[in-house]
Amino acid sequence: MDHISPAIWQFLVKWMTNFALFPPEASTIAPQMDALLFFMVLVSLIGLTIVVLLITSFSILYSKKRHPVAVQVEGSTLLEATWTIIPLGLFLVMFVWGALIYFRVFTPPANAMNIYVVGKQWMWKAEHPGGQHEINALHIPAGRAIQLTLISQDVFHSFSIPAFRVKREAIPGRYTTVWFQATTPGTYHLFCTQYCGTAHSQMVGDIVVLSPEDYRKWLASSTSGASLAQNGERLFASLSCAACHNTRPDARGPSLANVYGSKLPLPSGQTVTADDAYLREAILNPSEHITQGYAPIMPTYQGQVSEEGVIELIEYIKNLNSDYRIQQTLNTTELVPGSEGKTAAQGTVKP
Ligand code: HEC
Ligand SMILES: [Cu+2]
């Protein structure tokens, strides 16, 4: 190495140590994704090698010099069957392997903690159930399944965390979800990977993975004083939803307690599960689906509530009891892994 000057050598060493072919593997799914990727790269490399070797050797073996007169070669069924069946088998392995990972990525475990993320030109806003609010940052605990419910306020965005091997579109007017479980505390890149206008390249942020202990501290120090559901309760009052949705027996609107997660009948005879998407539609486009036995009198709230407002209303409805009080204050500081219900809500019951 004495012909390379020490300065250049040092630069190379430094560059090589900082050079990362792959982002760190910081989620449970990352090693599984990488294994499939490596398999595909390996198969491609082997295929490439075979093709290059055959081209080179054939062009030498069957050159004009060796064979001045062309010889007609008939096909070989065995050969053709071999080069069809082996790649087919390999591609089917990739397909099944990929499908298994796909289902894993898009099926959140029942105890996943839900965090809402709203994308807009040009920032990411995260809403934690406990009312913590962040911009271009997301603090999460390691070792816990986290589900994100994403929506965009304007154009298409895409929420991507390379270190988690996770990416999901944020679409205007529709909730999408994705989940992951971070394994290693640290700070990781968040990117918008869908070109969304002038400042798209600045729509980046930090995913901060904390130990459960540090996460608890973070939650306590960044609380805004009111949970999402409590903000929703306030909004519910100020938008006069309670004029129709209330405890009175002659209420003009159906009771919203326990509506979340229930199966509602559709006019077509089918049923629909009242999930986040359903509640959002019910608030913004009430005429789309009229609850049985009620008049279509609910006004639309399109344009009157922001996406964050809708999220707060949904969290409120999710946590209502029959006298329109919030059953649970979403206090994620008291989360015990594995003990959450379907709303990922868990915590102290407050009067
Ligand atoms: C003028 C009375 C009225 C007001 C005000 C009103 N609603 Fe409604 N709401 C209704 C009626 C009637 C229905 C049932 C018919 C329908 O689905 O449109 C309903 C249905 C719903 C549903 C669907 C429930 C189900 O069982 O399918 C939700 C969710 C809802 N309202 C939430 C709200 C929220 C949140 C507000 C305030 C932002 C609000 N409503 C304001 C009358 C009202
Ligand atoms: Cu974007």
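The values are calculated or read from the model by the stated rules, or taken from the named source; none is laboratory data. The structure displayed is predicted, hence computed values, not measured ones. Note that we place each Cβ from the backbone using ideal geometry, even for glycine, and neighbour counts take in every protein chain shown. Ligands, DNA and RNA are stripped out before the accessible areas are found, and what is left, the full protein with its side chains, is counted by its heavy atoms. Shrake-Rupley method; radii C 1.70, N 1.55, O 1.52, S 1.80 Å.
Observations
- For the chain, calculated [θ]222 nm from helices alone, where every DSSP H run of n ≥ 4 adds -39500 (n - 2.57): -11000 deg cm²/dmol
- The loop-placed GluC sites (Glu not before Pro) in the range 57-154, going by DSSP, that have at most 15 neighbouring Cβ atoms within 10 Å of their Cβ come out as 74.
- Fully extending the segment from residue 255 to residue 46, taken as 0.36 nm per residue of separation minus the present Cα-Cα distance, adds 68.9 nm.
- Neighbours of residue 278 by Cβ distance under 11 Å: Lys/Arg scored +1, Asp/Glu scored -1, total -2.
- Computing FRET efficiency as 1/(1 + (r/R0)^6) for residue 184 and residue 18, where r is the C-beta to C-beta distance and R0 is 22 Å, gives about 0.75.
- Excluding ligands, DNA and RNA, the accessible surface per residue across the chain is 57 Å² with a 1.4 Å probe.
- Nearest 10 degrees, 0 to 90: helix 212-221 Cα axis against the chain principal axis: 50 degrees
- Relative contact order for the chain: 16 percent, from Cα pairs under 8 Å spaced at least 6 residues apart, divided by residue count.
- The order of 228, 53 by accessible area, most exposed first and with a 1.4 Å probe, is 53, 228.
- Taking every C-alpha pair closer than 8 Å and separated by at least 6 residues, the mean separation divided by the residue count of the range 228-328 gives a relative contact order of 41 percent.
- Net lengthening on full extension, residue 84/residue 63 (0.36 nm per residue, minus Cα-Cα): 4.8 nm
- Unit charges at the beta carbon, dipole of the chain: most positive-side option, 203, 224, 311: 203
- Available extension along the chain between residue 289 and residue 221 is 20.3 nm, counting 0.36 nm per residue and deducting the alpha carbon span.
- Treating r as the C-beta distance of residue 198 and residue 302 and R0 as 22 Å, the FRET efficiency rounds to 0.25.
- Within the accessible area of the range 228-328 (1.4 Å probe), percent carbon and sulfur: 50 percent
- Largest mean-square fluctuation among 317, 29, 85, in a Gaussian network model of the chain whose springs join Cα atoms under 10 Å apart, belongs to 85.
- Charge dipole (the chain, unit charges on Cβ, about Cα centre) - positive-most of 254, 28, 57: 57
- With all protein chains modelled, accessible area of residue 14 [1.4 Å, Å²]: 140 Å²
- Within the range 228-328: Cβ-based charge dipole about Cα centre, in debye rounded to nearest 20 (Lys, Arg +1; Asp, Glu -1): 300 debye
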